[in-house]
Amino acid sequence: MEPFDREWKRQFSLSFYKNMKLKLAEMTFLKDFVTDRRGDLYPILNKSTDCLESVSGKRYCVTEGTAERWIGGFFPYATYEITAVLFDGEVGFGFTLPNARATVTLSRNGLRLICGDSREACPLPDWAVNAESITALVSLYPGMLSVYLRRNQKAELIRRFTAPAFAESHRYETFTDGTVSLLASGRVEVSAVSSYLDNGVSLADMRPICYEDGTVMVEQGKVYITASVRLEESCYQGVFSWIPSTAELELTGALFYDVGDGFWCGDVAASVCYHREARMWYLWVCSFSHGHRLAHASFAGDPRFGINVIDVTLMEKAPDGTPPTAFLGFPGDEDPDFFYDAGKGRWLMAICRIDPENGQQYRYYFFESSHPFESYRYLGRGKPGCETGGSFVRIGGETAFVCGNDFHATSDYRVYTRNGMTNARFNYPDGGFRGWGTVLPIPMGSRTRCFWMTFDRHNGSDYNWSYGNLYVFEASNIYNKDK
């Protein structure tokens, strides 16, 4: 089946490291909010009696005493960034929840965290101590935070802190009552403060958002990709726009999942489609946060833009002793994909499942049903190996299933077609080490071009070896649209 009998040629490769932003809030220093009496941009939360503060020259200055000003609401996966000249003072952030508070501050003497009764400190690197101004980033995730300093436009990790009091900061009723504040004391000059979602330190698990029949959705020349944004700890589901044939990617949204307990969880590996007749979005996702089993949802709101929470239903848990061919939720299930085959009048579903006959390694199991979320019957499974990241691909009316395989091999990808299984060929075979089989046939002009998007596992953090760089390949010929 073309294009899988062709060589795939690498088009570009990218590293993701906190270089994309989806802005949530920002302090602006264009107007003097300190003396303004007919508006209150950034309300005072605390202020010492000897505090002297001012706004001028697009700077917020404290020359004596201490001040704490409200910045915005708290979000448990956000990054908070500040640029300041420290002189002999201290700046940072206060994170306040109904039952917990943490402060992260910087001075020329070092970095300091106070969280409840816990206090931690570490020195700044020499280059930061001697810098005229400093830009610090504080990235949150439930129960943890990481502090970076920006040097030559690149964020450098300085310290990770545990914050047990914030372990449930992703509960909706908790974080919506939270606030974030700017802390300033001594003599400091602040030139920028903002909060945003970023694209983490690596990318993985990418898959295009499709229509119900598996056709990749293209709107105004852009494809939308779900991918797991890997943080120093934890992850969340990012949504990126991509202009095919280019290296233009943009972070446009994020998905979080609630199984009914009120927590917005950063689960990943989603398969998302828009059913045009039903005018609804359908989704399957791996709920790592709830027993590492699959969950599903249907909903009306467009998930491609902004911060979305999806109310999902967990698969019914399989009783002990249930054979893996049953359409039930097994611990370890992940990387689902599904689409509607109009010719058969059936939904086809693939689940990456731990196979007891395959040395407890992962193997794809295939099912079909007349309903997108239930009543599936078992069809078969992939070959023995260590499969991962599989997707159905529709080209010229035919269906292929493409997945990664093998922890130890570069670019070991499997292509299942009606004629059996083959392995793909690449001119520069990086990616792999259980990369993803994400193939995107895209009509472009009078041709259909086929791209392959995948990632490697470069040990980007000691938390999880699956962090990845992005690789994009294209099949070595361009197909006539009607072929």
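Applying the criteria of a DSSP loop state and at most 15 other Cβ atoms within 10 Å to the trypsin sites (Lys or Arg not before Pro) of region 254-332 yields Arg276, Arg279.
Ligands, DNA and RNA excluded, the heavy atoms of Phe433 present near 60 Å² of accessible surface to a 1.4 Å solvent probe. May I ask for log10 I(q)/I(0) of region 281-411 at q = 0.09, 0.14, 0.22 Å⁻¹, from a Debye sum over the Cα atoms as equal point scatterers with solvent left out? Listed by q, the Debye log ratios stand at -0.27, -0.66, -1.45. Pairs of Lys residues in the chain are counted when their Cα atoms are under 25 angstrom apart and they lie 8 or more places apart or on different chains; the count is 22. Here the extension length gained between Gln361 and Thr313 equals 14.7 nm, from 0.36 nm per residue of separation less the Cα-Cα distance. Here the mean projected area of the convex hull built on the C-alpha positions of region 62-161 is 6.7 nm². Expressed in Å, the radius of gyration and Dmax of the Cα atoms of region 357-411 are 13.3, 38. Solvent-free Debye calculation, one equal scatterer per alpha-carbon of region 312-368: log10 I(q)/I(0) at 0.14, 0.24, 0.31 Å⁻¹ equals -0.41, -1.02, -1.35.
Principal axis extents of the C-alpha atoms in region 401-447 (largest first, rounded to whole Å): 40, 26, 16. Each Cα pair under 8 Å and six or more residues apart adds its separation to the average, and for region 79-196 the resulting relative contact order is 38 percent. Projecting the alpha carbon convex hull of the chain along each direction and taking the average yields 25.2 nm². Around the amide H of Ile395, modelled in the peptide plane, lie the amide H atoms of Ala400, all under 5 Å away and 5 or more residues distant in sequence or on another chain. In the complete set of protein chains, residue-level accessible area for His290 is approximately 40 Å², probe 1.4 angstrom. For region 47-152, state which GluC sites (Glu not before Pro) are in a DSSP loop and have at most 10 other beta carbons lying within 10 Å of their beta carbon. Sites meeting the loop and neighbour criteria: Glu132.
Along the axis of the charge dipole computed for region 1-123 (Cβ charges of +1 for Lys and Arg, -1 for Asp and Glu, origin at the Cα centre), the listed residues Gly73, Pro3, Thr28 are led at the positive end by Pro3. Per-residue accessible area (protein heavy atoms, 1.4 Å probe) orders Glu7, Glu357 as Glu357, Glu7, starting from the largest. Dividing the alpha-carbon radius of gyration of region 120-210 by the rule-of-thumb value 2.2 N^0.38 Å gives 1.32. Couplings 3J(HN,Hα) for region 80-87, derived from phi with the Karplus relation 6.51 cos²θ - 1.76 cosθ + 1.60 (θ = phi - 60°), are 10, 10, 9, 10, 7, 9, 8, 6 Hz, where x marks Gly and Pro. Kirkwood hydrodynamic radius (Cα pairs, Å) of region 369-458? Computed over Cα pairs of region 369-458, the Kirkwood hydrodynamic radius comes out at 14.4 Å. Placing +1 on the Cβ of every Lys and Arg and -1 on the Cβ of every Asp and Glu, with no other charges, gives region 271-360 a dipole of roughly 320 debye about its Cα centre.
The HN-Hα couplings worked out from phi for region 325-340 by the Karplus form 6.51 cos²θ - 1.76 cosθ + 1.60 (θ = phi - 60°) are 7, 6, 8, 9, x, 9, x, x, 4, 7, 6, x, 8, 7, 6, 9 Hz, whole numbers, x standing for Gly and Pro.
Ligands, DNA and RNA are left out, and with a 1.4 angstrom probe the accessible area of the chain is 42 Å² per residue. Ranked from largest, the principal axis spans of the Cα set of region 1-123 equal 76, 38, 32 Å. Shape class of region 329-483 from the alpha-carbon gyration tensor: oblate, with a/c at 1.5 or above and b/c at least as large as a/b. The slack between His458 and Arg160, meaning 0.36 nm per residue of separation minus the straight C-alpha distance, is 105.3 nm. Once both labels are positioned 7 Å from their Cα atoms along Cα-to-Cβ, the gap between Arg425 and Phe407 label points is 3.0 nm. The distance from the alpha carbon centre of region 201-256 to that of region 61-92 is 32 Å, rounded to a whole number. Proximity of backbone amide H atoms, modeled 1.01 Å from N, is registered between Trp347 and Asp341, Ser369, Ser370, His371 at under 5 Å, excluding neighbours fewer than 5 places apart on the same chain.
Computed about the Cα centre, the dipole magnitude for the chain is approximately 960 debye when only Lys and Arg (+1) and Asp and Glu (-1) carry charge, each at its Cβ. Could you compute how much accessible surface Cys386 exposes when probed at 1.4 Å, giving the result in Å² to the nearest 10? Using a 1.4 Å probe on the heavy atoms, I get roughly 10 Å². Measuring nothing but how far apart in sequence close Cα pairs (under 8 Å, 6+ apart) lie, relative to its length, region 324-419 scores a relative contact order of 20 percent. Across region 175-246, Cα pairs under 8 Å and at least six residues apart give a relative contact order of 25 percent. Stretched out straight at 0.36 nm per residue, the stretch from Arg187 to Lys58 would grow longer than its current Cα-Cα span by 44.8 nm. For region 97-148, the orientation-averaged shadow of the C-alpha convex hull comes to 4.0 nm² (one quarter of the hull surface). Backbone phi angles across region 262-268, fed through the Karplus curve with coefficients 6.51, -1.76 and 1.60 (θ = phi - 60°), yield HN-Hα couplings of x, 8, 8, 9, x, 6, 9 Hz in residue order; Gly and Pro are listed as x.
The values are calculated or read from the model by the stated rules, or taken from the named source; none is laboratory data. Just so it is clear, the structure is predicted and the values come from calculations on it, not from any experiment. Because the Cβ atoms are built from the backbone with ideal geometry, glycine has one as well, and the counts that use them run over all protein chains shown. Areas reflect the complete protein model, heavy atoms only, side chains present, ligands, DNA and RNA absent. Shrake-Rupley method; radii C 1.70, N 1.55, O 1.52, S 1.80 Å.
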